[in-house]
Amino acid sequence: MKNNIPEQEILFELADLFKVFGDSTRLRIMHTLFDSECSVGEIADTLNMEHSTISHQLRVLRTNKLVKVRRDGKQIYYSLDDDHVKKIIEMGLDHVLE
């Protein structure tokens, strides 16, 4: 029998990635970024949350390579890092809604 299980270190990284998806605030932020980039203020206004809360969660998302940053002068804009992030969320939603 062939064992295709990834190495344990890779599985630890995958588990850490899924932990990041385990927070509803972070999911809401990522969903807000599905179609366009936004500033912290725009995200906070959309989600009716404090700027400091959004900033903290964006830091977690950025550290885990789920969002990226673009600077325009003094303004900073956030967007999803790549299409994989959106696909992971969409697949999770599909599974939950079945």
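Brief remarks follow.
- Residue in the range 28-48 that is in contact with a His (Cβ under 6 Å, 6 or more places away or on another chain), free of Cβ contacts under 8 Å to residues at least 40 places away in the same chain, farther than 18 Å from Leu93 by Cβ and assigned to a helix (DSSP H, G or I) present: yes
- Checking each residue in the range 20-35 for being surrounded by 10 or more Cβ atoms within 10 Å (Cβ to Cβ) and either of a type outside the set (A, V, I, L, M) or farther than 16 Å from Val69 by Cα (or both) picks out Val20, Phe21, Asp23, Thr25, Arg26, Leu27, Arg28, His31, Thr32, Phe34, Asp35.
- Of all the residues in the range 59-77, those that are outside any loop (DSSP other than H, G, I, E, B) and either farther than 14 Å from Leu27 by Cα or modelled with pLDDT under 95 (or both) number 9.
- Among residues of the range 73-97 that are surrounded by 11 or more Cβ atoms within 10 Å (Cβ to Cβ), those with a Cβ under 6 angstrom from a residue that is polar (S, T, N, Q), sequence gap 6+ or separate chain, pair up as Tyr77/Ser39.
- Subset of the range 57-68 [among the β-branched types (Val, Ile, Thr) and within 18 Å of Thr46 (Cβ to Cβ)]: Val67
The values are calculated or read from the model by the stated rules, or taken from the named source; none is laboratory data. Treat the numbers as computed from the prediction; the structure is a model and nothing was measured. Note: ideal-geometry Cβ built from the backbone for every residue, glycine included; neighbour counts use all protein chains shown.
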